[in-house]
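Take a look at the structure below.
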Amino acid sequence: MRIVLISTPLGFLGSGKGGGVELTLNSLVSGLLSSGHKVDVIAPKNSKLHKSNEKAKLYFVEGEDQISWQHQNYDSPVTIPNNSLLAAMLEKGLEIAKEADVLLNMSYDWLPIWMTLNVEIPFAHIISMGSESSVISNLISKVHTKYPYNFAFHSKIQANDYPFIKKPIIIGNGFKLDNYTFQDSVKGPLGWVGRVAPEKGLEDAVYVANELGEKLKVWGVIEDENYASNIEQSFPHGTIDWMGFLSTNELQKELGKCRVLLNTPKWNEAYGNVVVEALACGVPVIAYKRGGPSEIIQHGQTGYLADPEDKKSMLSYVEIIEKIERKKCREWVEKNASTDIFANKVVNWLNKVMNEY
Ligand code: UDP
């Protein structure tokens, strides 16, 4: 197959602004290339693919970013900026897709989904978020009646946000295991990884660290400065150890030293890449029982699931975290979320999409 991938219209690949989509795109490219497919990637200028993906053809596009939907109101209208990056990526994608088998969109936005109704090319969409916008959800519902196979989701619980899809296609996610080293450091620090933004609930993890009189190591892009400084001021100085945004290789070296990852989403997290990355390093995860993490973590085996917002229960699970065998965490990723498993699911799905046309 020749597959044309459209990246996220939020920051270049490698900036961290695109969140989990950046890693997911690289994992998918890697899995597709290793099973013999050809891949073209349309991405913002300055984007970089992982070194092992250099066989994919990368096309750069310039323009203004979209506004992320999770930071708008649910009923906000669609905004398309002057000199739109998304529109330019789609134009490029359509041009190349004439020679390809399928166009695969990874941006959560209105325009590419609307175009599905208006082009003759198989146009598939990986939906990377729960329902964050009424205008997008309504459009998915409309397109889905004509093209029932064109949407795939990362987890069942994410897909539940789109109840008009009775049998959602679930593709999970994939991780290149060679990029993560197993570490058996049961006495390490507490860790937290993610975009620092309200939907990620960092304050609850800081609460746990503070109750234990420990520091919390925090990795990720600070997307919302006010939110970050409010949390910092609500706890004793130095409780948060800001580690910045690191490349996957640097991140996994540090993350693997942690004794546990705390994952505290306040929204219906579509999947939760950081949960699986921690598991791949042998780090158990304690998360709220909501969104993708609740489908990934096996309570009592690879971590613990606390009731949403129940910080005290999260704290009590940290106290028994040594009961989790770190090897089991890594094993779960090997059996369930390798790049090959992921790419296989995507290829099976894309075949269904192509058959529709
Ligand atoms: N990440 C990273 N370096 C960091 C912190 C985070 O590369 O220092 C990446 C991480 O690998 C993951 C992404 O940021 O792929 C966050 O994705 P996730 O699915 O957890 O949440 P999202 O941001 O998509 O809501």
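Under the rule a/c < 1.5 gives rounded, and otherwise a/b versus b/c splits prolate from oblate, where does region 166-285 land using the Cα gyration tensor? Oblate, because a/c is 1.5 or more while a/b does not exceed b/c.
Percent of alpha carbon pairs in the chain separated by more than 29 Å? Value for the chain (Cα pairs over 29 Å): 38 percent. Of the solvent-accessible surface of the chain, computed with a 1.4 Å probe and all protein chains present, 48% belongs to carbon and sulfur. Looking at the square roots a ≥ b ≥ c of the eigenvalues of the Cα gyration tensor of region 271-324, which shape do they give, rounded for a/c under 1.5, prolate if a/b is larger than b/c, or oblate? Oblate. Taking every alpha-carbon pair under 8 Å whose residues sit at least 6 apart, the chain reaches a relative contact order of 17 percent. Using a/c under 1.5 as the rounded threshold, could you call region 1-116 rounded, prolate or oblate? The axes a ≥ b ≥ c are square roots of the C-alpha gyration tensor eigenvalues, and prolate needs a/b larger than b/c, oblate otherwise. Cα axes put region 1-116 in the prolate bin. For the residue pairs LYS266/LYS335; LYS48/LYS217; LYS45/LYS200; LYS55/LYS176, the alpha carbons lie more than 19 Å apart in LYS266/LYS335; LYS48/LYS217; LYS45/LYS200. Taking all Cα pairs closer than 8 Å and separated by 6 or more residues, the relative contact order of region 123-277 comes to 29 percent. Full extension of the segment from SER34 to MET354, taken as 0.36 nm per residue of separation minus the current Cα-Cα distance, would add 113.1 nm. Region 1-61 and region 287-357 have Cα centres spaced 23 Å apart. If the chain linking GLU325 and LYS257 were pulled fully straight, counting 0.36 nm for each residue of separation and taking away their Cα-Cα distance, it would gain 23.0 nm.
Here the spin labels are modelled as points 7 Å beyond Cα on the Cα-Cβ line, and at ASN118 and GLU95 they lie 1.9 nm apart.
Of all aspartates and glutamates in the structure, the ones whose alpha carbon falls short of 19 Å from that of LYS167, not counting any fewer than 8 places away in one chain, are GLU295, GLU356. How high is the FRET efficiency from LYS48 to LYS335, r the C-beta distance, R0 51 Å, rounded to 0.05? Approximately 0.95, to the nearest 0.05. Estimated from helices alone, the mean residue ellipticity of the chain at 222 nm is -10500 deg cm²/dmol (sum of -39500 (n - 2.57) over DSSP H runs with n ≥ 4, per residue).
For SER229 and GLU250 in the same chain, what is the full-extension length gain: residue separation times 0.36 nm, less their Cα-Cα distance, in nm?
Extra length available between SER229 and GLU250 comes to 5.1 nm.
On a per residue basis, the chain carries 42 Å² of accessible surface, using protein heavy atoms and a 1.4 Å probe.
Note that region 115-232, at 10 °C in a medium of 1.306 mPa s, gets a Stokes-Einstein diffusion coefficient of 89 µm²/s from its Kirkwood radius over C-alpha pairs.
The values are calculated or read from the model by the stated rules, or taken from the named source; none is laboratory data. Bear in mind the structure is a predicted one, so any value in this text is a computation, not a measurement. So basically every Cβ, Gly included, is an ideal-geometry build from the backbone, and we count neighbours across all protein chains shown. Just the protein is used for accessible areas: all its heavy atoms, side chains included, with ligands, DNA and RNA removed. Shrake-Rupley method; radii C 1.70, N 1.55, O 1.52, S 1.80 Å.
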